[in-house]
Amino acid sequence: MNEPTRSTHSLPAHPRIPPSSGFRFTPTWTLFYKEVLRFGKVWLQTVAAPLVTTLLYLVVFGHALGGRVSVYPGVSYTAFIVPGLMMMSVLQNAFANSSSSLIQAKVTGNIVFLLLSPLGPSEIFVAMTAASIVRGVVVGFAILILALFYLQLPIIHPLWVLVFTLLGAGGMGALGLIAGLWAEKFDQIAGFQNFLIMPLTFLAGVFYSVRSLPPAWQKISLINPFFYVIDGFRYGFFGLSDVSVWLCLAVSAVFAAVASFLAWRLLRSGYKLRQ
Amino acid sequence: MSPPPAVWVSGLRKAYASHLALAGVDLAIPEGEFFGLLGPNGAGKSTLINILAGMVQRSSGRAEIFGFDVERDYRRSRQMLGVVPQELAYDPFFTVREFLRLQSGYFGLRRNDDWIDELMAELDLTDKANANLRSLSGGMKRRVLIAQALVHRPPVVVLDEPTAGVDVELRQGLWRFMRRYNREGHTVILTTHYLEEAEELCSRIGILQRGRLIALDAKDHLLARFTWRVLTVTFDKDPGPLPETLAGFLSGAGENTLVLRLDQSRHSLSSVLAALQDLPAQILDLHVQEPDLEDAFTDILGNVGIEQP
Ligand SMILES: Nc1ncnc2c1ncn2[C@@H]1O[C@H](COP(=O)(O)OP(=O)(O)OP(=O)(O)O)[C@@H](O)[C@H]1O
Ligand SMILES: [Mg+2]
């Protein structure tokens, strides 16, 4: 075979040769901005709808159980469920953002525009996870603002609130990436949401303290990572939690780290993106 | 030291499950060339392009853009490359201008509006700048796909069937545009099933079949390999039986017409004409057909088909 001739040394005279590695701001920022713009353009569905759902929970549960149940001394039941509901929405919306963006791009084929670009796995990961966090935070914050019209809520340790928001939303953004990469149809994402995310977040002690559960259920709750995210988050508000806030931090951090690492590995390998 | 070629591919193979889409392709395309990549459906053209673009992972072999490996140095190779994908895709969330700005940003360009405006003007998209991509017709979406490939002024542009489903006017506009882009020193690689398009534009042509490059040559050489001519002669009446000198060339006949096929390199056209004049009928019309790329293409594919049962 006569191999085509080539030489490797001189570079072409082209004005823009990017560095071959390292994090680049503009491409990453652009993808982040696009992802935010995407959910912003359909805010009725992505922000207003989860807000309404959460407020319904708040009104219905708060009203039905408000006078009768007290979880922590000095904290009304309605106030107690607000942080849990907030975090549940943060988690669900962060997941929904990255997973639906990816599956939509895959199904419609416009994922090619991302694949043709020089964005690397780390840049894609950072941009999409950050956009997921933004969506989670926007929804969570909106719930907080509206809840404050309705009741008094202390925020004793704002830093813990912030830390658990970032870990929870970041981990869920990453998990959404994994689901979006793996899924081939919208159905599969919906299945993921309805059979995994919904039950796990719902049963993570949003509406009750796990201490009030029978021992068997307590044990089961304690293997649910979302329980720790929500418990730690609530600690930020009331300074009270079911388990130590440091344990919550450890579990939440491990959850976010594992999900992030997996998502990054899948992106790097081109899993189901680059055949 | 010569600069690396715009595209360099060596021993490139791609296997899908059990199917071999590329069976070892060697190809070097120098900077500034207008290259035509031809081949029947399923030959592996898009697979080759998608490997260059990083959308498909090769099974083995090498592929480089300006010396940058498409996987190890993907960031640089993709920055050098603009691709018009074969499938019509669009993002329904955005307008034409938003989309082109986002695409520029992916390539690290923050302020690119001058070039985006020029591209839109050139591709006749200016009045659609603020229209949602969803609302565009198929041909318009195709134009956006072309603009998208050029936002970062790549030195190498690959067009995978850019003129499929495009009207005559745009096709010609597109040809002009691609010629200009090529004249400015950029490398253009075109895949098409319209052979007259390749003949018109490309200076060198590669033909893929079943994952192999079965021909690779300058267009003129490819055409010059086909030295035969087809002569269609119309008479005023039936010319009667042919003399032996002509009978061997006969490839068809109709009412008062004869179709002769002869190899110019071996037979003299003037002696054939003389023999025709000697026939007992008057020649009313004479038509000489030169081989075009389509003939060359069919011929090459046909030969290879026989060699590889
Ligand atoms: N994702 C895939 N999985 C399995 N086989 C594939 C895949 N993509 C392409 N192929 C196969 O690889 C071969 C080459 O396909 P390719 O798309 O490269 O052909 P092509 O030359 O571009 O054809 P066309 O002119 O129809 O666009 C075909 O047999 C095709 O079926
Ligand atoms: Mg193709």
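Structural remarks
- The protein assembly as shown: calculated mean residue ellipticity at 222 nm from DSSP helix runs of at least 4, using -39500 (n - 2.57): -15500 deg cm²/dmol
- Exposed loop sites, defined as chymotrypsin sites (Phe, Trp or Tyr not before Pro) outside DSSP H, G, I, E and B with at most 16 other Cβ atoms within 10 Å, are absent from the longest region of chain A, namely A:24-270.
- Annotation for segment A:46-141: trypsin sites (Lys or Arg not before Pro) lying in DSSP loop with at most 15 further Cβ atoms inside 10 Å of their Cβ are A:ARG68.
- For the residues of B:97-109, the average number of beta carbons from a partner chain within 10 Å of their own beta carbon is 6.
- Where only alpha carbons of chain A are counted, the Rg and the Dmax (Å): 21.5, 86
- Within chain B, longest stretch free of exposed trypsin sites (Lys or Arg not before Pro) [DSSP loop, at most 16 other beta carbons within 10 Å]: B:112-224
- A straight chain from B:SER203 to B:VAL288 at 0.36 nm per residue would run longer than the Cα-Cα distance by 28.1 nm.
- Coil-residue GluC sites (Glu not before Pro) of segment B:28-110, DSSP, other Cβ within 10 Å capped at 13: B:GLU87
- Ordered from longest to shortest, the equivalent ellipsoid semi-axes for chain B are 45, 24, 16 Å, each the square root of 5 times a Cα gyration tensor eigenvalue.
- Applying a DSSP loop filter and a limit of 16 other Cβ atoms within 10 Å to the GluC sites (Glu not before Pro) in segment B:165-220 leaves B:GLU184.
- Reported to the nearest whole Å, the Cα centre-to-centre distance from segment A:133-160 to segment B:71-132 is 39.
- Charge dipole (debye, nearest 20) of segment B:103-247; +1 at Cβ of Lys and Arg, -1 at Cβ of Asp and Glu: 580
- Between B:THR126 and B:THR298, the simple spin-label model (points 7 angstrom out along Cα→Cβ) gives 4.4 nm.
- Overall form of segment B:196-277 per C-alpha gyration tensor (a/c, 1.5; a/b vs b/c): prolate
- In terms of distances greater than 20 angstrom between alpha carbons, the cross-link table entries A:LYS34/A:LYS185; A:LYS185/A:LYS272; B:LYS14/B:LYS141; B:LYS45/B:LYS141; B:LYS14/B:LYS45 yield A:LYS34/A:LYS185; B:LYS14/B:LYS141; B:LYS45/B:LYS141.
- In percent, rounded to a whole number, the relative contact order of segment A:112-198 is 40, using alpha-carbon pairs under 8 Å and six or more apart.
- Principal semi-axes of the equivalent ellipsoid, √(5λ) from the alpha carbon gyration tensor of the protein assembly as shown, are 66, 23, 21 Å from largest down.
- Straight-distance crosslink candidates among aspartates and glutamates, where the alpha carbon sits under 15 Å from A:LYS106 and sequence neighbours closer than 8 are dropped: A:GLU35, A:GLU184, A:ASP187, B:GLU87, B:ASP91
- The Cα-based radius of gyration and maximum Cα-Cα distance (Dmax) for segment B:95-140 are 10.5, 29 Å.
- Residue list for segment B:1-21, given a label point 7 angstrom along the Cα-to-Cβ vector of B:ASP69 and an amide N cut-off under 20 Å: B:4-15
- Normalised by the number of residues in chain A, the average gap of Cα pairs under 8 Å and 6 or more apart makes the relative contact order 24 percent.
- Here is the size of segment A:130-275 from its Cα atoms: Rg then Dmax, 16.4, 54 Å.
- Among A:PHE233, B:VAL144, A:MET88 - extreme Cα towards positive end, dipole of the protein assembly as shown, charges at beta-carbon: A:PHE233
- Spacing of the modelled spin labels on A:ALA253 and A:HIS157, each 7 Å from Cα toward Cβ, amounts to 1.3 nm.
- Rounded to the nearest 20, the Cβ-based charge dipole of segment A:133-275 about its Cα centre (Lys and Arg +1, Asp and Glu -1) stands at 340 debye.
- Positive-pole candidate from B:PHE177, B:ASN132, B:VAL166, dipole of segment B:130-196, charges at beta carbon: B:ASN132
- Solvent accessible area, Å² - B:VAL233, 1.4 Å probe, full protein context: 0
- Inter-site label distance for B:SER59 and B:TRP175 at 7 Å from Cα along Cβ, in nm: 3.8
- Segment B:62-134, relative contact order [Cα under 8 Å, separation at least 6], %: 32
- Remark: segment B:210-257 carries a charge dipole of roughly 460 debye about the Cα centre, counting +1 on each Lys and Arg Cβ and -1 on each Asp and Glu Cβ.
- Span per principal axis, largest first, for the Cα atoms of segment A:71-200 (Å): 56, 29, 21
- Treating each Cα of segment B:14-105 as an identical point scatterer and summing with the Debye formula, the log10 of I(q)/I(0) at q = 0.20 Å⁻¹ comes to -1.12.
- Using a Förster distance of 25 Å, the FRET efficiency for B:VAL168-B:SER135 (Cβ separation, nearest 0.05): 0.60
- Counting, for every residue in B:67-76, the Cβ atoms of other protein chains within 10 Å of its Cβ and taking the mean gives 5.
- Once the Cβ-Cβ distance of A:ALA49 and B:HIS221 is raised to the sixth power relative to R0 = 60 Å, the FRET efficiency obtained is 0.40.
- Each of A:GLN188, A:ILE124, A:THR54 was scored by the projection of its Cα onto the charge dipole of chain A, and the greatest displacement toward the positive side belongs to A:ILE124; charges sit on the C-beta of Lys, Arg, Asp and Glu.
- Förster-model FRET efficiency, 30 Å R0, A:LEU200 and A:LEU166, C-beta, rounded to 0.05: 0.95
- Largest accessible area first, the residues B:ILE283, A:ILE178 order themselves as B:ILE283, A:ILE178 under a 1.4 Å probe with ligands, DNA and RNA left out.
The values are calculated or read from the model by the stated rules, or taken from the named source; none is laboratory data. Not measured: the values here are computed from a predicted model. Virtual Cβ from ideal backbone geometry, glycine too; neighbours counted across all protein chains shown. Accessible surface areas use protein heavy atoms only, side chains included; no ligands, DNA or RNA. Shrake-Rupley method; radii C 1.70, N 1.55, O 1.52, S 1.80 Å.
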